Amino acid sequence: MLSDFTAAFEISQLLECGLDKECLSILVALCENEINSEALVTVVYELRREAAVFRGELN
């Protein structure tokens, strides 16, 4: 039987979220500590966007 974390990781892989196990673990821990999940999504999105701009992939 899969652990909850393993199942969450497999789902994130199927959905092509681009999260490695360490990042997913951090996000799960933050959610378990009642950090707003929608705010976390926004932060991850913005960090990815800024990284793409830095790499020259976006304008």
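Here are the numbers:
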item: Karplus 3J(HN,Hα) series, Hz, for region 17-31 with 6.51 cos²θ - 1.76 cosθ + 1.60 (x for Gly, Pro); result: 6, x, 9, 7, 5, 5, 4, 4, 4, 5, 5, 5, 4, 5, 5
item: Charge dipole magnitude, Cβ of K and R +1, D and E -1 - the chain, Cα centre, debye nearest 20; result: 200
item: Gyration tensor verdict on region 4-55 (Cα atoms; rounded if a/c is under 1.5, prolate if a/b is larger than b/c, oblate otherwise); result: oblate
item: Dipole of the chain, positive direction: furthest Cα of Gln13, Ala29, Gly56, with charges on the beta-carbon; result: Gly56
item: Range in the chain, longest, excluding exposed GluC sites (Glu not before Pro) [loop by DSSP; at most 13 other beta-carbon atoms within 10 Å]; result: 35-56
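Bear in mind these aren't lab numbers, they're just calculated from the coordinates by the rules spelled out. Keep in mind that this is a model prediction, so the values were computed, not measured. Positions of Cβ are generated from backbone atoms using ideal geometry, with glycine treated the same way; all protein chains shown enter the neighbour counts.
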